[in-house]
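What follows is a short report on a single structure.
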Amino acid sequence: MARRHLRLPGWISFAAACALGLSACGGGNISKTTAGSGKTCGDLNIAMNAWTGYYADAYVVGELAKNKLGCNVKYVKLAEEPSWSAMANGTVDTILENWGHDDLVKKYITQQHVVEDAGMTGNQGIIGWYVPPWIAKAHPDITDWKNLNKYASDFKTSESGGKGQLLDGDPSYVTNDQALVTNLHLNYKVVVGGSEAALIQSFRSAEKNHTWLLAYFYEPQWFFSEEKLVRVHLPKYTPGCDSNPAKVACDYPPYHLNKLISTKFADSGSPAVTLIKNFHWTNDDQNQVAEYIAKDGMPGPAAADKWIAANQDLVNQWLQGT
């Protein structure tokens, strides 16, 4: 699957975090050099795809690059697909969490050779349909997609036109949902729900008030530590079952998330290239930083610094060779 994915901790939280992050992380001491290469780091332009887990990646790498390598870190707010073209034109050096995009891999890596795979992040990505815990407890059979039409009338809203509502994320998310509703003959209408914060608030409200909600969601995701959402099982994913976007009738694939760097940046000799290639952690690591940002309200750089201070052994591994 290779289209779009977006996650957001909330426009207010995002604006505050980004504003604080930009002021705190710009203008690093670029006079620092590394023992191995003798190279100054200079500018490091990190694409900022707007979801909390991505912020966790970006701020942890950015804080290390600034404080340990002397990089002048700049965070460039972009959605996923524009981030690829920004790497091609030189305005972005790296994407720190890539969710597939086979078409962009072909264009920018295979054909144009302007982007390179920088290795896995260690995070395992999952996309699916979820219901709040109260629904799964009251109606256990709802976790099988074949029973969704049985409950369609319960999921009706003023926006779903007499059908059940499937709440989607922002239009730039990686999503097969409209094709799934059509091809599985489900009596549902896909309704755009918006940002990650909007989806989370919808789940909170549905669980608290025992209202009906079926919605798109994903992992890594810090919110699962607060609320144990239950996944609806769609037809089993098999390789190639989603190759034709219009005919998708299977679940989302597992995503082994990776990092990307521009070829120009890869060839620059910057010590940050090695840091990015070495960066590798778990869903739990990412979720911890994301929770600091989204739930605890910490500025991104402060959240990253807190995690870095508690995980020096792993951080030292990432800095090896820089």
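The values are calculated or read from the model by the stated rules, or taken from the named source; none is laboratory data. Here the structure is a predicted model, which means the values were calculated and not measured. Ideal geometry is used to build each Cβ from the backbone, glycine not excepted, and the neighbour counts take in all protein chains shown. Note: accessible area is taken over every heavy atom of the protein model, side chains too, but ligands, DNA and RNA are not part of it. Shrake-Rupley method; radii C 1.70, N 1.55, O 1.52, S 1.80 Å.
Beta bridges assigned by DSSP with both partners in the chain are antiparallel in approximately 60 percent of cases. Counting only heavy atoms of the protein chains and using a 1.4 Å probe, Trp145 has close to 50 Å² of accessible surface.
Between Trp145 and Thr282, the C-beta separation translates, for a Förster distance of 25 Å, into a calculated FRET efficiency of about 0.25. Note on Lys236/Gln312: beta-carbon distance plugged into 1/(1 + (r/R0)^6) with R0 of 51 Å gives a FRET efficiency of 0.75. Plainly put, the chain has a radius of gyration that is 1.00 times its Kirkwood radius, both from alpha-carbon atoms, as the Rg/Rh ratio.
Starting from the Cα-Cα distance between Ala138 and Asp103, subtract it from 0.36 nm times their residue separation and give me the gain in nm to one decimal.
Between Ala138 and Asp103, full extension yields 8.4 nm more.
Distance from a point 7 Å along Cα→Cβ of Gln178 to each backbone N in segment 114-131: keep the residues under 19 Å and list them by number. Label zone hits: 128-129. Straight-line reach only, C-alpha to C-alpha below 18 angstrom: list the aspartates and glutamates that Lys137 could link to, leaving out same-chain residues fewer than 8 apart. Correct list for Lys137: Asp154, Glu207, Glu226, Glu227.
Our note on the geometry: Cα centres of segment 217-287 and segment 297-313, 22 Å apart. Shape class of segment 192-322 from the Cα gyration tensor (axes a ≥ b ≥ c, square roots of the eigenvalues): oblate, since a/c reaches 1.5 or more and a/b does not exceed b/c. Here the simple spin-label model places points 7 Å from the Cα toward Cβ, and for Asp154 and Thr211 these points are separated by 1.6 nm.
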